[in-house]
Structures are given as structure tokens and as C-alpha cells.
1. Just to be sure, is R10 modelled with pLDDT under 80, basic (K, R) and out of contact with any strand residue (DSSP E or B) (no Cβ under 9 Å at 6 or more places or on another chain)?
2. Name the single residue that is nearest to the chain's Cα centre (by Cα) among those in the range 36-74 being in a loop (DSSP other than H, G, I, E, B), over 18 Å from G21 (Cβ atoms) and at pLDDT 90 or above.
Amino acid sequence: MARGDSSRKRPLETSYETCSGKILLKVLGQDGKMMNLEVKRNKPMKNILLKYCDYKKFEYSAVNFLYLGRRVLVRSTPEELGMEDGDIIEAMVHVDGGGDVKDI
């Protein structure tokens with residue numbers, strides 16, 4: 001192929017999208033409020049989940065995160081989980097308490 005052949009060039013939009021490697025994820029809290037986070041596909045999920053906890057003033061150890069009904073492993077990445085733009089992660093806060101059934 002000749003050096004000036006334009007058939008090998010990719011459109012600018014396509015090359016930027018693959019180079020950026022970012023997606024928009026949504027974290028849905030139990031209060032029904034949604035938080036949008038733009039993240040890199042290859043960053044560990046722990047970074048994303050810590051951002052949510054910092055924003056909501058939650059203790060990280062008190063929150064479970066679910067994606068497609070399964071707990072999110074902190075070492076995994078959005079790419080490993082097959083996440084795409086607009087996917088939703090659910091945030092569930094631990095609640096201690098309750099009592100013995102006999103007390104009712």
C-alpha cells in the first residue's frame with residue numbers, strides 16, 4: 001500500500017474512544033439516588049467504590065456493592081466484569097440490629 005493511502009486510517013472518534021478507555025458507571029444507593037462516575041476500564045473497582053463512600057460519607061466496610069446481583073470484588077476491573085457505559089452498581093449499606101422473634 002502506498003504511504004498516502006487513507007484506507008488504513010481510522011476515524012478520529014473510533015481511535016479516541018479506544019484510547020481513552022473510560023466508561024460511565026452509575027452507583028444506585030438504597031435511597032434511590034444515582035451517582036455517575038466516569039472511570040477507566042482497567043482501574044480496580046476499589047477506587048470507584050471508595051469514591052462513592054467518600055461522597056456519601058459512608059464507612060467503606062459498611063457497604064456492599066452489587067453488579068448484576070453479585071458482590072463486586074474489589075480487585076476486579078470494569079473490563080474484567082464486562083461493564084459498559086451506563087451500567088448500574090447497587091450500593092447496599094449494612095444494617096445491624098433487630099431482635100429476637102420472641103420480643104415482638
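The values are calculated or read from the model by the stated rules, or taken from the named source; none is laboratory data. These figures come from a predicted structure and were not determined experimentally. Cβ: placed from backbone, ideal geometry, glycine included. Neighbour counts: every protein chain shown.
1. Judged against the criteria, R10 is a match.
2. Ranking the candidates gives V72 first.
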